[in-house]
Amino acid sequence: MPHVKPLIASPIASPILSLDCAAAARQIENFLVQTTGRQLHRRGLVLGVSGGIDSAVCATLAVRALGADQVFALLMPERDSSDEATQRALRLCTHLGVRHVVEDISPTLEAIGCYHRRDEAIRQVFPDFQTDWRQKIVINVSDDDLIPHFSIVVEEPGGETFTKRMPTEAYLQVVASTNFKQRTRKTLEYYHAERQNYAVIGTPNRLEYELGFFVRGGDGLADVKPIAHLYKTQVYALAEHLGVAEEICRQPPSTDTYSLPQTQEEFYFALSYDRADIVLHAMNNGVPPEEIAPQLGMTASQMKRVYRDFEGKQRVAERSLRNALVIGEPD
């Protein structure tokens, strides 16, 4: 049976995070049928498959809705990607019986300067950084910080690691450079969608969708987002119901963007996904931070800091999901 990380007991979260998986699957499948053919007038669906839980659930639901012959999967690794994730994605595609293609995006990223620009920024912090070193960004939060700050972790080929706080300009350049990866993948998804008259599936769950854990013009861009209303814990429950492979269900949520293993928690949310789900649900339902704090083993001041951080992420996400501003439209 797939491993699903248990929720922290919370009477506030339990009513909404308990999911009728059969009903949820039917609803999403009907949604995909209606939107693909009747609203978008497309013949099928394209999606990127990463080897993670969200894309696996979306691919499975797409096949259940339209049939395997109307779903096309893209695997788009690059030099920093996990080989294990790619192999999981391949096995999923084979199991579902969908047409799929592997598009290595490393040459495109090399040509556009993704790796060079990233390494240039890292050398602002570690001047000796070499191309064969591994790296990742981690988020640092404390009650004293009005906003989080970020550190870069680098690892020499021998395995020794070093960590330093990043200046803002270096952090922004590293993120901007690595965002080429998501935007390149989305370009390929739309190429394959347009050549087949298919629609593009976006795979964010509610935690990612509402808190802006996506790249504008990259993984934030899609024609349909079938699980954007589901909290991450609900996606895990739905995956178990759908029979998604255990090897996918047991994987912790990962960015698979940097060469060192990196969880979404240490890069963006600063909380495990089950705790972040509970906080987001509490915020969405007007629960004061001091009420939810004891249920997560946090102080009121810590929870106020989390609320402040999440509210800021929500504002950025809302702006990113809107259409471009035009003359005469209020900002």
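Restricting attention to the range 249-256, does a residue exist that is assigned to a helix (DSSP H, G or I), of a type in the set (Lys, Arg) and open to solvent by 30 Å² or more (accessible area, probe 1.4 Å)? First the steps, then the outcome.
Quick first cut of the range 249-256, residues assigned to a helix (DSSP H, G or I) only: 249.
Retained after the next criterion (residues that are of a type in the set (Lys, Arg)): none.
No, the conditions are met nowhere in the range 249-256.
Given the criterion within 25 Å of Thr187 (Cα to Cα) and assigned to a loop (DSSP other than H, G, I, E, B), identify the matching residue among Asp104, Asp132, Asp128. Give the steps one after another, and end with the answer.
Values: Asp132 fails: within 25 Å of Thr187 (Cα to Cα); Asp128 fails: within 25 Å of Thr187 (Cα to Cα).
On inspection, the qualifying residue turns out to be Asp104.
Give the residues of the range 273-307 that are of a type outside the set (Gly, Ala, Ser), in a loop (DSSP other than H, G, I, E, B) and within 25 Å of His149 (Cβ to Cβ), sorted by residue number.
Correct list: Met298, Thr299.
Is at least one residue of the range 261-272 open to solvent by 30 Å² or more (accessible area, probe 1.4 Å), without any contact (Cβ under 8 Å) to a residue 24 or more places away in the chain and not in a helix (DSSP H, G or I)?
yes
If a residue has to be among the β-branched types (Val, Ile, Thr) and assigned to a helix (DSSP H, G or I) to count, how many in the range 77-101 make the cut?
Looking only at the range 77-101, we keep the residues that are among the β-branched types (Val, Ile, Thr), and these are 86, 94, 98, 101.
Next, only the ones that are assigned to a helix (DSSP H, G or I) stay: 86, 94.
Of the residues in the range 77-101, 2 are among the β-branched types (Val, Ile, Thr) and assigned to a helix (DSSP H, G or I).
Count, please, the residues in the range 174-206 that happen to be crowded, with 22+ Cβ neighbours inside 10 Å and of a type in the set (Phe, Trp, Tyr).
Residues in the range 174-206 being crowded, with 22+ Cβ neighbours inside 10 Å and of a type in the set (Phe, Trp, Tyr): 1 in total.
Of all the helices (runs of 4 or more DSSP H) wholly in the range 1-76, which have at least 3 residues that are modelled with pLDDT of 95 or more?
21-33, 53-66
Out of all the residues in the range 207-220, which are closer than 20 Å to Asp256 by Cβ and either surrounded by 19 or more Cβ atoms within 10 Å (Cβ to Cβ) or β-branched (Val, Ile, Thr) (or both)?
Residues of the range 207-220 closer than 20 Å to Asp256 by Cβ: 207-209, 211-220.
Leu207, Glu208, Tyr209, Leu211, Gly212, Phe213, Phe214, Val215, Asp219, Gly220, listed by residue number.
Hey, does the range 98-117 have a residue that's more than 18 Å from Ala176 (Cβ to Cβ), touching a Leu at 6+ places or on another chain (Cβ under 9 Å) and open to solvent by less than 30 Å² (accessible area, probe 1.4 Å)?
yes
Can you name the strands (runs of 3 or more DSSP E) wholly within the range 146-237 that have at least 1 residues being free of Cβ contacts under 8 Å to residues at least 40 places away in the same chain?
Those strands (runs of 3 or more DSSP E) span 149-155, 161-165.
Tell me which residues, restricted to the range 209-228, are within 23 Å of Leu96 (Cβ to Cβ) and either modelled with pLDDT of 95 or more or not acidic (Asp, Glu) (or both).
Quick first cut of the range 209-228, residues within 23 Å of Leu96 (Cβ to Cβ) only: 219, 222-228.
Hits for the range 209-228 are Ala222, Asp223, Val224, Lys225, Pro226, Ile227, Ala228.
Does Ser320 meet the test of being open to solvent by 60 Å² or more (accessible area, probe 1.4 Å), touching a residue at least 40 places away in the same chain (Cβ under 8 Å) and hydroxyl-bearing (Ser, Thr, Tyr)? Step through it out loud before you land on a result.
Details: open to solvent by 60 Å² or more (accessible area, probe 1.4 Å): no; touching a residue at least 40 places away in the same chain (Cβ under 8 Å): yes; hydroxyl-bearing (Ser, Thr, Tyr): yes.
Here the answer is no, as Ser320 does not meet what is asked.
With the structure loaded, tell me whether Thr86 is of a type in the set (S, T, N, Q), under 20 Å from the mean Cα position of the chain (by Cα) and at pLDDT 95 or above or whether it fails that test. Steps first, answer last, please.
Values: of a type in the set (S, T, N, Q): yes; under 20 Å from the mean Cα position of the chain (by Cα): yes; at pLDDT 95 or above: yes.
Answer is yes for this residue.
Given the options Arg38, Arg43, name the one that is among the charged types (D, E, K, R), in contact with a helix residue (DSSP H, G or I) (Cβ under 9 Å, 6 or more places away or on another chain) and open to solvent by 50 Å² or more (accessible area, probe 1.4 Å).
Within the list Arg38, Arg43, the selection yields Arg43.
Go through the range 68-97 and count every residue that is open to solvent by 20 Å² or more (accessible area, probe 1.4 Å), closer than 24 Å to Leu32 by Cα and not basic (Lys, Arg).
Counting residues in the range 68-97 that are open to solvent by 20 Å² or more (accessible area, probe 1.4 Å), closer than 24 Å to Leu32 by Cα and not basic (Lys, Arg) gives 8.
Out of curiosity, is Gly328 surrounded by 10 or more Cβ atoms within 10 Å (Cβ to Cβ) and either under 21 Å from the mean Cα position of the chain (by Cα) or over 15 Å from Ala276 (Cα atoms) (or both)? Don't jump to the end; show me each part of the working.
Numbers: surrounded by 10 or more Cβ atoms within 10 Å (Cβ to Cβ): no; either under 21 Å from the mean Cα position of the chain (by Cα) or over 15 Å from Ala276 (Cα atoms) (or both): yes.
No, not satisfied.
Output the number of the condition that Gln302 fails; it satisfies all remaining conditions of (1) within 26 Å of the chain's Cα centre (by Cα); (2) open to solvent by 50 Å² or more (accessible area, probe 1.4 Å); (3) farther than 14 Å from Arg275 by Cα; (4) not charged (D, E, K, R).
With (1) within 26 Å of the chain's Cα centre (by Cα); (2) open to solvent by 50 Å² or more (accessible area, probe 1.4 Å); (3) farther than 14 Å from Arg275 by Cα; (4) not charged (D, E, K, R) applied to Gln302, the lone miss is (3).
Give the residue that is nearest to the chain's Cα centre (by Cα), with candidates limited to residues of the range 225-243 that are open to solvent by 10 Å² or more (accessible area, probe 1.4 Å) and farther than 15 Å from Leu280 by Cβ.
Lys225
The values are calculated or read from the model by the stated rules, or taken from the named source; none is laboratory data. This structure is a prediction, so every number in the text was calculated from the model and none was measured. Note that each Cβ is placed from the backbone with ideal geometry, even for glycine, and that neighbours are counted across all protein chains shown. With ligands, DNA and RNA removed, areas are computed over all heavy atoms of the protein, side chains included. Shrake-Rupley method; radii C 1.70, N 1.55, O 1.52, S 1.80 Å.
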